[in-house]
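Report on the following structure.
The values are calculated or read from the model by the stated rules, or taken from the named source; none is laboratory data. In this text the structure is predicted, and so the values were computed from the model without any measurement. Glycine also receives a Cβ, built like all others from the backbone with ideal geometry; neighbour counts cover every protein chain displayed.
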Amino acid sequence: MQNIILSFLTALLVVIFGIPSIITVAKLKGLYDKPDKRKLHTAKIPRLGGLAIVAGFSIAVSIWGIADGMSRLQYLQASLIILFFSGLKDDIIILSPIKKLVSQLLATAITIVGEDIRITSFYGLFGINEIPIWAGFALTLFTIVVITNAFNLIDGVDGLAGGLGFIISVTFGLWFNFIDQTGWAILAFGLAGALLGFLVFNFNPAKIFMGDSGSITTGFLIAVFAIRFIEFNSPGVENSYKILSAPAIAVAILIIPLFDTLRVFIVRLLKKKSPFSPDQNHLHHSLIKIGLGHKEVSLVMYIVNVLFVLMAFMLKDSSTLTILLIVGTLAFVLSQIPVYILSHRIADLEAEQNTPIAQQIEEHIKSKDINN
C-alpha cells in the first residue's frame with residue numbers, strides 16, 4: 001500500500017510542477033493547438049500535456065514499481081515511449097494515420113509478447129470459452145488498439161479525457177489492490193496521479209491540452225489495465241474477488257469512450273462517410289449543442305461513468321451477455337437524450353426565427369466556449 005500511495009503522489013507532483021514549464025516553452029516556440037471548424041475552443045492552447053503525463057507516470061513507476069504480477073516492466077515502458085513520440089510528432093507536425101496505426105500495432109505487439117498480456121477466454125459468451133493462442137493474440141491486439149484510439153477520440157472537451165482516465169485508472173487500481181496485485185495497482189495509481197495533476201491545468205478553462213501524446217498513451221495504458229483485469233478473472237485463476245463476467249464489467253468501466261466511438265462510426269457509415277472522417281457528432285458535441293458548458297459536460301460524463309461502474313459491479317454475478325445487453329441498451333438510451341432535446345430546440349428555433357439552424361448552433365457553441 002505504501003508504494004501505491006507514493007506512486008500516486010510522485011506522479012501527481014511531477015505533473016503539477018512540470019506543466020508550468022511546458023506551457024512556457026510551448027508559448028515561446030508557438031506549439032499551440034490552433035482552433036478550426038471541428039474544435040470547440042477559440043483560443044490557441046498549448047497541447048503538450050502528454051509530456052507531463054508520461055513523465056509523471058514513468059518516474060513514479062520507475063521509483064516505486066515492483067515486479068509483483070508482471071514479468072518485466074521494460075516492455076511496457078518501451079511501448080509507451082514508442083506511442084509517446086508518435087503522438088508528440090503528430091502534435092507538432094501531424095503524422096499520417098497509417099504511421100500512427102503502425103506505431104500502435106508495434107507497441108501493442110511488444111507489450112503482448114514481452115508482458116504475456118493476452119485474452120485467453122470468451123468467458124462463455126456465444127458459447128465460447130478458451131480460445132487458441134493465435135486468436136487471443138489477434139483479439140488482444142485489436143482490443144488494445146481500439147481502446148487506445150477511443151480515448152484519443154473522446155479528448156474533445158476541457159477535462160473530459162483526463163477525468164475519465166482518472167476514474168477508470170482508480171477503478172482498476174483499487175481492484176488490483178484488492179486481489180493483491182500490487183505491481184499493477186502501482187501502475188494504475190501512477191497513471192491516476194499523473195492525470196489528476198494534469199486536470200489541475202486542463203479543467204475548464206484549460207491552460208493546456210494533453211494532445212495525442214497524452215491521449216494515446218493514456219488510452220494504451222488503460223487498455224492494458226483492462227486486459228489484465230479480464231485475465232485476472234479468467235477460469236484458471238483464483239482470487240477472493242473473482243468476477244465471472246469480467247469482459248462485460250471492463251466494457252462498463254470503459255463505456256463512454258467505447259460507446260461514443262462505436263456510435264460515431266455507425267453514424268458516419270449511415271451517412272456514407274468514412275468512419276475516420278472528423279465531425280462534430282461525438283457525445284460531448286451533443287451536450288455542448290443543448291446548452292452545457294465545458295465544465296458541465298465533463299461533470300455529467302464523470303457521473304455517468306461512475307454510475308455505469310457501480311451498476312456493473314452490482315450485476316457482476318450475471319452472465320457476460322446479460323450485462324453487455326443491459327449496459328449497451330442503457331448507454332444507447334442515455335445517448336439519445338441530448339439528441340431528443342436538440343431536435344425539439346431546433347424545431348422551436350425554426351418556428352421563431354429565420355436564421356439557418358446550422359448557423360445558430362455554430363454561434364451557440366462559440367459563445368459557450370468563450371464564456372467558459
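With the condition kept exactly as written, say whether any residue in segment 219-241 is touching a Gly at 6+ places or on another chain (Cβ under 9 Å), surrounded by fewer than 16 Cβ atoms within 10 Å (Cβ to Cβ) and closer than 28 Å to ASP90 by Cα.
No - not one qualifying residue is present in segment 219-241.
Looking at segment 275-296, is at least one residue at pLDDT 90 or above, surrounded by 15 or more Cβ atoms within 10 Å (Cβ to Cβ) and not basic (Lys, Arg)? Talk me through it step by step, then tell me what you get.
Of all residues in segment 275-296, those at pLDDT 90 or above come to 295-296.
From what is left, the residues that are surrounded by 15 or more Cβ atoms within 10 Å (Cβ to Cβ) are 295-296.
With not basic (Lys, Arg) added as a condition, the list becomes 296.
Within segment 275-296, one or more residues are at pLDDT 90 or above, surrounded by 15 or more Cβ atoms within 10 Å (Cβ to Cβ) and not basic (Lys, Arg).
Are there any pairs, at least 6 apart or on different chains, whose C-beta atoms fall under 8 Å, with the first in segment 8-23 and polar (S, T, N, Q) and the second crowded, with 20+ Cβ neighbours inside 10 Å and part of a helix (DSSP H, G or I), and if so, which?
Every condition considered, the pairs that remain are THR10/GLY56; THR10/ALA60; THR10/TRP64; THR10/GLY190; THR10/GLY193.
Name the residue that is modelled with the lowest pLDDT, counting only residues in segment 3-38 that are surrounded by 15 or more Cβ atoms within 10 Å (Cβ to Cβ) and in a loop (DSSP other than H, G, I, E, B).
That would be PRO35.
Can you name the residue in segment 194-210 that is aliphatic (A, V, I, L, M) and part of a helix (DSSP H, G or I) and, of all such residues, is nearest to ILE59 (Cα to Cα)?
ALA194
Restricting the search to segment 127-160, which residues are more than 13 Å from LEU254 (Cβ to Cβ), of a type in the set (Gly, Ala, Ser) and in a helix (DSSP H, G or I)?
Step one: list which residues in segment 127-160 are more than 13 Å from LEU254 (Cβ to Cβ), which gives 127-142, 145, 152, 155-160.
Now restrict to residues that are of a type in the set (Gly, Ala, Ser): 127, 135-136, 138, 156, 159.
Hits for segment 127-160 are GLY127, ALA135, GLY136, ALA138.
On the basis of being assigned to a helix (DSSP H, G or I) and buried (at least 22 other Cβ atoms within 10 Å of the Cβ), does LEU191 make the cut? Please lay out each step first, then the result.
Working: assigned to a helix (DSSP H, G or I): yes; buried (at least 22 other Cβ atoms within 10 Å of the Cβ): yes.
Criteria met by LEU191.
Taking segment 317-372, which residues are part of a loop (DSSP other than H, G, I, E, B) and modelled with pLDDT of 60 or more?
Passing the criteria: ASP317, SER318, SER319, GLN353.
What residue, of SER213, SER240, is more than 28 Å from LYS99 (Cα to Cα) and hydroxyl-bearing (Ser, Thr, Tyr)?
On the way: SER213 fails: more than 28 Å from LYS99 (Cα to Cα).
The conditions single out SER240.
Yes or no: VAL224 more than 13 Å from the chain's Cα centre (by Cα), over 26 Å from THR322 (Cβ atoms) and assigned to a helix (DSSP H, G or I)?
no
Tell me, which residue of segment 175-188 that is surrounded by fewer than 24 Cβ atoms within 10 Å (Cβ to Cβ) and of a type in the set (Val, Ile, Thr) is nearest to LEU73 (Cα to Cα)?
For segment 175-188, the residue satisfying everything is THR182.
What residue, among those in segment 150-184 that are within 17 Å of ILE53 (Cβ to Cβ) and polar (S, T, N, Q), is modelled with the lowest pLDDT?
Only one residue tops the list, namely ASN152.
Within the set of pairs 6 or more residues apart or between chains, which connect a residue that is within 17 Å of GLY162 (Cβ to Cβ) inside segment 45-68 to a residue that is outside any loop (DSSP other than H, G, I, E, B) and acidic (Asp, Glu) with Cβ atoms less than 9 Å apart?
Note: pairs meeting the criteria are ILE45/ASP33; PRO46/ASP33; ARG47/ASP33; ARG47/ASP91; ARG47/ASP212; LEU48/ASP91; GLY50/ASP91; GLY50/ASP212.
Does segment 232-252 contain any residue that is within 26 Å of PHE85 (Cα to Cα) and at pLDDT 90 or above?
Within segment 232-252, none of the residues are within 26 Å of PHE85 (Cα to Cα) and at pLDDT 90 or above.
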